[in-house]
1. I'd like to know if the stretch A:186-207 contains one or more residues that are among the aromatic types (Phe, Trp, Tyr) and under 17 Å from A:VAL299 (Cβ atoms).
2. Picking from A:ILE85, A:ILE98, A:ILE117, which residue would you name as being within 21 Å of A:ASN241 (Cβ to Cβ) and free of Cβ contacts under 8 Å to residues at least 24 places away in the same chain?
3. Of the numbered conditions (1) more than 30 Å from B:GLU358 (Cα to Cα); (2) crowded, with 22+ Cβ neighbours inside 10 Å, A:ALA174 fails exactly one; give the number of that condition.
4. Scan the stretch A:105-125 residue by residue and report those that are in contact with a His (Cβ under 7 Å, 6 or more places away or on another chain) and either closer than 16 Å to A:GLU17 by Cα or part of a helix (DSSP H, G or I) (or both).
5. Could you count how many residues in the stretch C:241-259 are on the phi > 0 side of the Ramachandran plot and part of a helix (DSSP H, G or I)?
6. Going residue by residue through the stretch D:81-88, is there one that turns out to be at pLDDT 95 or above, closer than 18 Å to A:ILE23 by Cβ and out of contact with any strand residue (DSSP E or B) (no Cβ under 7 Å at 6 or more places or on another chain)?
7. Is there a residue in the stretch C:260-274 that is out of contact with any Lys or Arg (no Cβ under 6 Å at 6 or more places or on another chain), more than 7 Å from chain D (Cβ to nearest Cβ) and part of a helix (DSSP H, G or I)?
8. Do we have any residue at all in the stretch C:226-238 that's of a type in the set (Ser, Thr, Tyr) and in a helix (DSSP H, G or I)?
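The values are calculated or read from the model by the stated rules, or taken from the named source; none is laboratory data. Quick caveat, the model's predicted, so the values are computed rather than measured. All Cβ positions, even for glycine, are placed from backbone atoms using ideal geometry, and neighbour counts span all protein chains on display.
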4 protein chains.
Amino acid sequence: MTANTFGNLFRFTTWGESHGPAIGCVVDGVPPRLALAEPDIQHWLDRRRPGQSKYTTQRREPDAVRILSGVFEGLTTGAPVSLMIENVDARSKDYGDIKDKFRPGHADYTYWAKYGIRDYRGGGRSSARETACRVAAGAIARGLLNRDLPGLTIRGALVQIGPHRVDDDKWDWAETQNNPFWCPDEAMAAKWADYLDGVRKANSSAGAIIEIRAAGVPVGLGTPVYGKLDSDLAAAMVTINAVKGVEIGDGFAAAETPGHEAHDEMRRGDDGQVRFLSNHAGGILGGISSGQEIVVRFVVKPTSSMPRTSRTIDVEGNEVDIATTGRHDPCVGIRAVPVGEAMMACVLADHWLMRRAEIGPADPST
Amino acid sequence: MTANTFGNLFRFTTWGESHGPAIGCVVDGVPPRLALAEPDIQHWLDRRRPGQSKYTTQRREPDAVRILSGVFEGLTTGAPVSLMIENVDARSKDYGDIKDKFRPGHADYTYWAKYGIRDYRGGGRSSARETACRVAAGAIARGLLNRDLPGLTIRGALVQIGPHRVDDDKWDWAETQNNPFWCPDEAMAAKWADYLDGVRKANSSAGAIIEIRAAGVPVGLGTPVYGKLDSDLAAAMVTINAVKGVEIGDGFAAAETPGHEAHDEMRRGDDGQVRFLSNHAGGILGGISSGQEIVVRFVVKPTSSMPRTSRTIDVEGNEVDIATTGRHDPCVGIRAVPVGEAMMACVLADHWLMRRAEIGPADPST
Amino acid sequence: MTANTFGNLFRFTTWGESHGPAIGCVVDGVPPRLALAEPDIQHWLDRRRPGQSKYTTQRREPDAVRILSGVFEGLTTGAPVSLMIENVDARSKDYGDIKDKFRPGHADYTYWAKYGIRDYRGGGRSSARETACRVAAGAIARGLLNRDLPGLTIRGALVQIGPHRVDDDKWDWAETQNNPFWCPDEAMAAKWADYLDGVRKANSSAGAIIEIRAAGVPVGLGTPVYGKLDSDLAAAMVTINAVKGVEIGDGFAAAETPGHEAHDEMRRGDDGQVRFLSNHAGGILGGISSGQEIVVRFVVKPTSSMPRTSRTIDVEGNEVDIATTGRHDPCVGIRAVPVGEAMMACVLADHWLMRRAEIGPADPST
Amino acid sequence: MTANTFGNLFRFTTWGESHGPAIGCVVDGVPPRLALAEPDIQHWLDRRRPGQSKYTTQRREPDAVRILSGVFEGLTTGAPVSLMIENVDARSKDYGDIKDKFRPGHADYTYWAKYGIRDYRGGGRSSARETACRVAAGAIARGLLNRDLPGLTIRGALVQIGPHRVDDDKWDWAETQNNPFWCPDEAMAAKWADYLDGVRKANSSAGAIIEIRAAGVPVGLGTPVYGKLDSDLAAAMVTINAVKGVEIGDGFAAAETPGHEAHDEMRRGDDGQVRFLSNHAGGILGGISSGQEIVVRFVVKPTSSMPRTSRTIDVEGNEVDIATTGRHDPCVGIRAVPVGEAMMACVLADHWLMRRAEIGPADPST
């Protein structure tokens, strides 16, 4: 059971609690002779780092990563890469209120009921802080993909907050770098800002939908039946905290599309390669990448922690009320964008290694 | 890589092609002394069997299962259970049209591009015929769950075909046994019949959404972070042919729900146990079952094979047209209901064994 | 847990009991476009087949293998290859004596104590009949190795029966095909024949040591630390019935060798490649193949079933006597030679695929 | 592929190089509510620590372990336990001689040939320093076994150095704590001291055989066929640096034992349980523990590094000479005793969890 490990050939194991001394991960299966240094990882961690706008938690973590193994003279050696990030701003405050009470919507109750113990400080192991490790592992995956598949790009955007969805016609990737929401639609970013101000005033929180796209993926990633590229991507995204759904390509809209408009016809491109006339499938057919852009979306539920009273019980079964007053993201989905990108990178890296194993030098596509 | 194996502790490996001599699976991790005979499996296979109404493929397969190992004097022994289903109605027809042409929306192109070879007869390994093995494995999983967790029930329903969604207020589980669609809403079943007649006349096909529910699941199934119950369920459903999305509980609707209405508050029930006041989470918090009903939905895209001309290419890259005239389900989603139930059963059985390993006799919940 | 599955990337899952309807295996991870037909497998099964001399069990099994999936028009497709061998000569005799009594030295007692049930007919799942599946899987592994690494050869020999060890100076591989013992030393084969006649007359049985050698293995198979080529080979051999020990290269003799005579010095060969001046290490250094011949030996204990009375207990704990009169090999080690070869082939195939994944096209050794 | 991970349900992933900043491991699958603090681990690390006698390397490492996660208020939480040991005495010396030359008998050549790069400092990843992590993980495994199976004990002894084997009749476990060799035979310890002095004067090194015994192991650990308790133990021991062979119970001596003396007859004990009349099998039958003492031996080849000139080549293929003058154990087998104990503990813990999963509350043996 891979309770704390993700991936098969390219895989990482994460550890650490929100308010423990550190968090980290061991990335195994990193091919040798890949250039790797701390700034290569720090670059991506900085994108996920909290406290960068008023729309994310005010916890101030530098998230400075250290490489403890697996790199020698600037190159990976094939040995596992151990990464560690110290927890700096884990306030030694009084946890009285959440110590004995189960916060609705969180893992508090289920962890306690299953394990009979829980590290309640900041959510312990179930804190979204764990996702920093995914971003770190994803940075290494990106490095591998960049080296071996130079044209491959992975990008993410927030496409919906609350009821407000971006206008696809106004999609501009460059815009995602200009606002605190990774929003590709300038007008929508302004609307979200207003909306979130209202949400905050109402002491509530907001859900979101994230879209991750990977272009330049070669045909042939993914294995048949139970190791499909899409099932691995689905699992990857649903392992992210608070994710309640995932879709590939047209996703749930495919239920309503007439069959004759739902599949992607093929013609021959000028380069002699297959050219698809649409991308309803989101770049994956029969579990295997088709060479088209891979399109995955996932939904993040509204942050469960809000400065508003909720009904719950405590560890002794008493009915009590709770209001969480700590530092939290009003829309935890915002910071899920770099996490989703990282998971996409790790899944693609894993399947890239798998294809090498399966097909080898006689690869028909090369 | 688990290309043809599903699960960890309770796990099965499937094999076989649509038009080969047989299909089958090896189910490993079946605990000993579980009563098991062929009719226990056949019962569930018969629910998935094709040719039972005009809305599913007219291929006539008895889908008669044989147990080849792992059972002795009516009880499992702990050894692997090998199941085999012979292919009877694999027509030895001329496959000329699909032999060299890639059917849009199918795995034809990607299998060929990856592996340099494909068994094109009826889709070969990528045929939905493989799902019979899942149903067979699921029957064993159900037997295990029934013995160890008597109150647990798994039920599935089709909740949408094309644009037509069932009315939740009219939901009647008994009704799912009265129509060929597993539809829980009598009026909607009639509407779907009309709708599918129209789809057929238009030489098109329809997508669908399936909902699987598991009640009576004990608290504590699922492991933290990368072996979440919901991520395993998501992967399970997306491995089913033609599935393009999956959601748990409120799913994508969670994006639009205000935070203060999105989590499930808790009170104490008359039995002294926790009682949730709603079930937005679909029975899973932090990856672990909460004791509430587990609710999963997945979308099946419209059948890609239609008796209508589509543009495609052939194995030599020529631009050609194709129309598939074989026996196909106009709405492949219908037969996905028992498959989704089976996958739910297998995931729960797997996590049930995992919880035994993790927690053991000192289980705090018992 | 891989209770019935062996291998990682090239892997097989076996099923079946000695006296059930059939035995078989599913071989997954077979690369595509490998020529494969039943005779390719039957050739190796025939070498392990019982009843071929008076020194092996007189059970008459044709061991005819059927390929049920994964092969299309003579080539593998990348889909799992399902193999089945029907049990023909499973005598429906009275099992009264072994039904309730535990045969000493067999798995009878431990299976029963663990699982609370056992298929006692011919040993059920714990019968050495299972090893036919290994030989079948090994045949596919050999096919893969032959195609991708043409110079690689795998050969096995029996090097000891009872106290009689072959003389290394008289080792002649060709001789292994001339006697019923896979003995490379003609004189010793004659001595073994006499010895086994005596063993049989004494109603006893004999142990044996098998040596498996693989030449032409490229440098670089094996992964560091926990997936060492030698640890995987050790596990592989110890999974064979009745094996009680395994050694690589000098093995246990290494304890007595002075350090300065124990390692393999290196010079440069005429081809510019490294040339080792000895092979104490058995072709593996630090868990990775060195390019030298891989040498593995394992010991098979004497057949536990003998026509002589032993003291035991029955399922109710009564003290009873037992004498097994069925058809058994007086020296079960003889038939372990092709099984050991097959396991070597499967381990090498698995690590060959793994190296492709790890190193890929930038393989420094090519 | 489990290149750096050991175990299935109880499993650990190690990382780190001999002369990097630190080494460590992540132990996953640790059941919750197990008392655990750093001294519980340090106790066992101190037994393996180098520099404690003149017979082991003079490298002075405190091997102080830190627990970074998975423990809360003195109890495990079910979350992964991350352990770190800083490298303190990694001398920043000139590695000139081993930087470009391959030390015979070491992994230098094979790592380089496979990965195209190697951290040559102190052997990098292939250094026996990695085994400290095994001992740390083993300490947690012991804690689990102690809690759940109170009568279980694991002990190890060195039974042979060079040609000198302990006298079984003089075996005294207490004696293993009185000499620097873990020798259970007082007279032999004195002889070994003399022998190793001679070895050192000869600028050579010595091999050794280690025996690990586990008493009080319940019947029923181990799974059939490919997850046998003995095959997992064999793999475990062979993953330890420099191990070239492993045997269970009688091991290789079983080849010479007549069959009628080789199996273990059974009678009924005074407690009504089975009583074996001997233990040739080493406590394992058919891959499953029998309740008897488990006996495993493994051989460690002589230390390859010696202050004496050997012939080798360098990275450019030139023929050169090398003499290693660093700090090394003249008999690396000595420090393998606590490592072998730790691997035994980890394998037993893993199979203990597996049995809980397989058999559950209906365990026939309880």
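1. If we filter the stretch A:186-207 for residues that are among the aromatic types (Phe, Trp, Tyr), which is where we start, we get A:192, A:195.
If we keep only those that are under 17 Å from A:VAL299 (Cβ atoms) too, we end up with A:192, A:195.
Yes, some residue in the stretch A:186-207 is among the aromatic types (Phe, Trp, Tyr) and under 17 Å from A:VAL299 (Cβ atoms).
2. Values: A:ILE85 fails: free of Cβ contacts under 8 Å to residues at least 24 places away in the same chain; A:ILE98 fails: free of Cβ contacts under 8 Å to residues at least 24 places away in the same chain.
On inspection, the qualifying residue turns out to be A:ILE117.
3. Failed condition: (2).
4. Just the residues of the stretch A:105-125 that are in contact with a His (Cβ under 7 Å, 6 or more places away or on another chain), to begin with: A:105, A:121-123.
Answer for the stretch A:105-125, where residues must be in contact with a His (Cβ under 7 Å, 6 or more places away or on another chain) and either closer than 16 Å to A:GLU17 by Cα or part of a helix (DSSP H, G or I) (or both): A:ARG121, A:GLY122, A:GLY123.
5. So the count comes out to 1.
6. Among the residues of the stretch D:81-88, not one is at pLDDT 95 or above, closer than 18 Å to A:ILE23 by Cβ and out of contact with any strand residue (DSSP E or B) (no Cβ under 7 Å at 6 or more places or on another chain), which makes the answer no.
7. The answer is yes; a qualifying residue exists.
8. Pass one, the stretch C:226-238, residues of a type in the set (Ser, Thr, Tyr): C:226, C:231.
Restricting the remaining residues to those that are in a helix (DSSP H, G or I) gives C:231.
So far as the stretch C:226-238 goes, yes, one or more of its residues are of a type in the set (Ser, Thr, Tyr) and in a helix (DSSP H, G or I).
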